[in-house]
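What follows is calculated from the coordinates using simple rules that are stated; it is not laboratory data. Here the structure is a predicted model, which is why all the values come from computation and not from measurement. Positions of Cβ are generated from backbone atoms using ideal geometry, with glycine treated the same way; all protein chains shown enter the neighbour counts.
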Amino acid sequence: MFNSLRQVGGFLLLMTLITGILYPALVTGAAQLLFKDAANGSLVMRDGKIVGSSLIGQSFHGEGYFHPRPSAAGKDGYDGAASSGSNLGVATKSLNDTIAERAAAARHDDQPVPADLAMASASGLDPHLSPAAAAYQIDRVAQARGLPRERVEALVQANTEGRQLGFLGQPRVNVLALNLALDDIARAEAKP
């Protein structure tokens, strides 16, 4: 009996060492070596302060900013601790009413509102918009910022990311990067 307990205890200690210390240290070290930015949260810094993450959506208000996808994560949206969709079915009246309200709020002309401006992502934290959703907002942002439409359109093009590895996913625009580029223009023009 004592011999069996010693074997079980030794195995427990060995597995604790492997799975609790060695493997996490190996994975963490490999992540820091190969994917340092992503492993540290892909944080975006401006003037020595963290302004967000390129991997996590956040809310932007005001006519001079591109608005992200709506979020159902948390009470006010974009809450990483409450990341989830609404879990409402497509035939649910409350979901359809919410989508209709979001589409009406985003509509600024007779053009159809792109789906990603009316429907939240599954996680509620998607940092990207489709190029169509970004293009839909160009006129509003350009007018609010007092910039030529072509300049804002060029910013959208410059911040459009292609498919990963050339064939995975869809082209997308990172809302945080785009809005920071707009703020950089405003800051540069404000300097004498």
Total charge dipole magnitude, the stretch 93-141, about the Cα centre, Cβ charges on Lys, Arg, Asp, Glu only, Debye to nearest 20: 100
Phi-derived 3J(HN,Hα) across the stretch 125-134 with the Karplus relation (6.51, -1.76, 1.60, θ = phi - 60°), rounded Hz, x for Gly and Pro, is 10, 5, x, 10, 10, 6, x, 5, 5, 5
Loop-exposed trypsin sites (Lys or Arg not before Pro) per DSSP, neighbour cap 13 Cβ within 10 angstrom, longest uninterrupted part of the chain: 76-162
Determine ³J(HN,Hα), in whole Hz, for all residues of the stretch 58-70 in sequence, where each value follows from phi through the Karplus function 6.51 cos²θ - 1.76 cosθ + 1.60 and θ = phi - 60°; x replaces Gly and Pro. 8, 7, 10, 10, x, 5, x, 10, 6, 8, x, 4, x
Please report the projected area of the stretch 6-90's Cα convex hull averaged over all directions, in nm². 10.9
Please give the length that would be gained between LEU33 and ARG6 if that part of the chain were fully extended, namely 0.36 nm times their separation in residues minus their C-alpha to C-alpha distance (nm, one decimal). 5.9 nm
Nearest 10, in degrees from 0 to 90: the angle of helix 149-158 to the longest Cα principal axis of the chain is 20
Kindly state, to the nearest 0.05, the FRET efficiency for ALA158 paired with SER42, given R0 = 22 Å and r defined as their beta-carbon distance. 0.70
Hey, what does the equivalent ellipsoid look like for the chain, semi-axes from the Cα gyration tensor as sqrt of 5 times each eigenvalue, largest first, whole Å? 43, 24, 14
Can you tell me, using C-alpha contacts under 8 Å and at least 6 residues apart, the relative contact order of the stretch 41-190 as a whole percent? 25
Once R0 is set to 30 Å, what does the formula 1/(1 + (r/R0)^6) return for the Cβ-Cβ distance between ILE18 and ASN87, expressed as a FRET efficiency to the nearest 0.05? 0.20
Suppose every Lys and Arg Cβ carries +1 and every Asp and Glu Cβ carries -1, with no other charges. What dipole size does the chain come out with about its Cα centre, to the nearest 20 debye? 520
